[in-house]
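Peer 1: Sending over a structure as structure tokens; questions will come in a sec.
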Amino acid sequence: MRSPLRGDAEVYIEASPERVYNLVSDITRMGDWSPETYSCAWIDGATGPQVGARFTGRNRRGLLRWSNTPDVISAEPGREFAFRRVVLGNEVIWSYRMQADGSGTRLSESYEVLTPSPAWMNWLVGKLMGVDDREADLLLGMRTTLERLRRAAEGSG
């Protein structure tokens, strides 16, 4: 059963966990992977992934355009890259976890909503995005992101 408060997707990549981490944690390339986030840049003097570093992410979906300033909460090369973002009181943690698996890596992407938005706001956001089922939309977006990362890591995209 799906939960609107969390979701995850996974892919196998024929590349080392370190290579996968280097792609995932280079937030300046997030626009290459994500169907929703089109631009990210380090801010406040940050130049790369480390706990406490912040970046600006710019997103678009349907008629809606928004930006946020996540902070990195985990930066373990070859293991995990995670960040927390808060928008209008809605707090969500996004995580990418790498696990060595044979000659490659099992990469998972997940989100966990720590502080949900009010129902009326979710309804309005869904209408502006043109999305009836945001959870299904997020899962599809994560699968797209992971597939694009897989192709890049394996050198086929």
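The values are calculated or read from the model by the stated rules, or taken from the named source; none is laboratory data. As the structure is a prediction and not an experimental result, all values here were calculated from the model. Cβ: placed from backbone, ideal geometry, glycine included. Neighbour counts: every protein chain shown.
Peer 1: For residues that are out of contact with any helix residue (DSSP H, G or I) (no Cβ under 9 Å at 6 or more places or on another chain) and in a strand (DSSP E or B), scanning just segment 33-59, find the one that is farthest from Asn90 (Cα to Cα).
Peer 2: The residue in question is Ile43.
Peer 1: Quick check on Asp132: is it at pLDDT below 95 and loosely packed, with under 14 Cβ neighbours inside 10 Å?
Peer 2: Details: at pLDDT below 95: yes; loosely packed, with under 14 Cβ neighbours inside 10 Å: yes.
Judged against the criteria, Asp132 is a match.
Peer 1: Given the options Gly141, Gly102, Gly130, name the one that is in contact with a Ser or Thr (Cβ under 9 Å, 6 or more places away or on another chain) and small (Gly, Ala, Ser).
Peer 2: Details: Gly102 fails: in contact with a Ser or Thr (Cβ under 9 Å, 6 or more places away or on another chain); Gly130 fails: in contact with a Ser or Thr (Cβ under 9 Å, 6 or more places away or on another chain).
One residue alone meets the criteria, Gly141.
Peer 1: Considering each of Ala153, Ala119 in turn, give the residue that is of a type outside the set (Phe, Trp, Tyr) and surrounded by 18 or more Cβ atoms within 10 Å (Cβ to Cβ).
Peer 2: Numbers: Ala119 fails: surrounded by 18 or more Cβ atoms within 10 Å (Cβ to Cβ).
Selected residue: Ala153, the only one of Ala153, Ala119 that is of a type outside the set (Phe, Trp, Tyr) and surrounded by 18 or more Cβ atoms within 10 Å (Cβ to Cβ).
Peer 1: Turning to a different aspect of this structure: Check Ser156 against each of (1) outside any helix (DSSP H, G or I); (2) at pLDDT 95 or above; (3) of a type in the set (S, T, N, Q) and name the one condition it does not meet.
Peer 2: (2)
Peer 1: When you look at Leu88, is it exposed (fewer than 14 other Cβ atoms within 10 Å of the Cβ), touching a residue at least 12 places away in the same chain (Cβ under 8 Å) and either among the basic types (Lys, Arg) or in contact with a Leu (Cβ under 6 Å, 6 or more places away or on another chain) (or both), yes or no?
Peer 2: Values: exposed (fewer than 14 other Cβ atoms within 10 Å of the Cβ): yes; touching a residue at least 12 places away in the same chain (Cβ under 8 Å): yes; either among the basic types (Lys, Arg) or in contact with a Leu (Cβ under 6 Å, 6 or more places away or on another chain) (or both): no.
Considered against the rule, which asks whether it is exposed (fewer than 14 other Cβ atoms within 10 Å of the Cβ), touching a residue at least 12 places away in the same chain (Cβ under 8 Å) and either among the basic types (Lys, Arg) or in contact with a Leu (Cβ under 6 Å, 6 or more places away or on another chain) (or both), Leu88 comes out as no.
Peer 1: Separate question: Can you name the number of the only condition in (1) free of Cβ contacts under 8 Å to residues at least 60 places away in the same chain; (2) in contact with a strand residue (DSSP E or B) (Cβ under 6 Å, 6 or more places away or on another chain) that Arg106 fails?
Peer 2: Here Arg106 clears every test but (1).
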